[in-house]
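Chemist: Have a look at this one before I ask anything.
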Amino acid sequence: MSGIRQQPRKDTKMRIRAFPMTMDEKYVNNIWALLKNAIQEIQKKNNSGLSFEELYRNAYTMVLHKHGEKLYTGLRDVVTEHLVTKVHKEVTGVIPFLCMMTFSKYTFTV
């Protein structure tokens with residue numbers, strides 16, 4: 001044995017810290033504007049020029065950078081607006097017709 005003293009080895013875990021990433025608010029707003037426009041085009045059944053992979057990547061990027069709440073509330077607002085302005089008019093126009101068809105189906109003659 002040599003005269004060199006070895007110090008007790010401490011078991012320390014090496015930690016890799018995540019690189020702090022922040023997104024510029026202007027960039028986040030640009031991504032949301034792109035997604036909002038794409039959602040509205042899909043609602044119009046006009047999705048010929050859209051890349052769903054790109055849309056997914058942009059939505060994922062927003063969530064990854066802690067902007068999921070903005071994505072969620074924005075999506076909720078766009079879908080609600082579509083339901084109120086477009087779908088509601090179409091449904092309320094069809095309901096009286098459906099009621100009449102159902103009623104005439106069950107009318108009995110004596």
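The values are calculated or read from the model by the stated rules, or taken from the named source; none is laboratory data. These figures come from a predicted structure and were not determined experimentally. We place every Cβ from the backbone using ideal geometry, glycine too, and count neighbours over all the protein chains shown.
Chemist: Looking only at region 53-67, count how many residues are assigned to a loop (DSSP other than H, G, I, E, B) and farther than 18 Å from Lys36 by Cβ.
Modeler: Residues meeting the conditions: 1.
Chemist: Of the residues Lys70, Lys66, which single one is modelled with pLDDT under 95 and not small (Gly, Ala, Ser)?
Modeler: The match here is Lys66.
Chemist: Filter region 27-60 down to residues that are basic (Lys, Arg) and within 15 Å of Val78 (Cβ to Cβ) and give me whichever is surrounded by the fewest Cβ atoms within 10 Å (Cβ to Cβ).
Modeler: Step one: list which residues in region 27-60 are basic (Lys, Arg), which gives 36, 44-45, 57.
Next cut, within 15 Å of Val78 (Cβ to Cβ) only: 36, 44.
Working: Lys36: 14, Lys44: 10.
Filtering first and then ranking leaves Lys44.
Chemist: Of these, Leu71, Leu35, Leu75, which one is in contact with a Gly (Cβ under 8 Å, 6 or more places away or on another chain) and either of a type in the set (Gly, Ala, Ser) or touching a residue at least 24 places away in the same chain (Cβ under 8 Å) (or both)?
Modeler: Working: Leu71 fails: in contact with a Gly (Cβ under 8 Å, 6 or more places away or on another chain); Leu75 fails: in contact with a Gly (Cβ under 8 Å, 6 or more places away or on another chain).
Just a single option satisfies the conditions, and that option is Leu35.
Chemist: When you check Val79 against the structure, is it at pLDDT 95 or above, more than 18 Å from Asn30 (Cβ to Cβ) and in a helix (DSSP H, G or I), yes or no? Break it down into steps so the answer makes sense when it comes.
Modeler: Working: at pLDDT 95 or above: yes; more than 18 Å from Asn30 (Cβ to Cβ): yes; in a helix (DSSP H, G or I): yes.
Taking the combined requirement at face value, the residue satisfies it.
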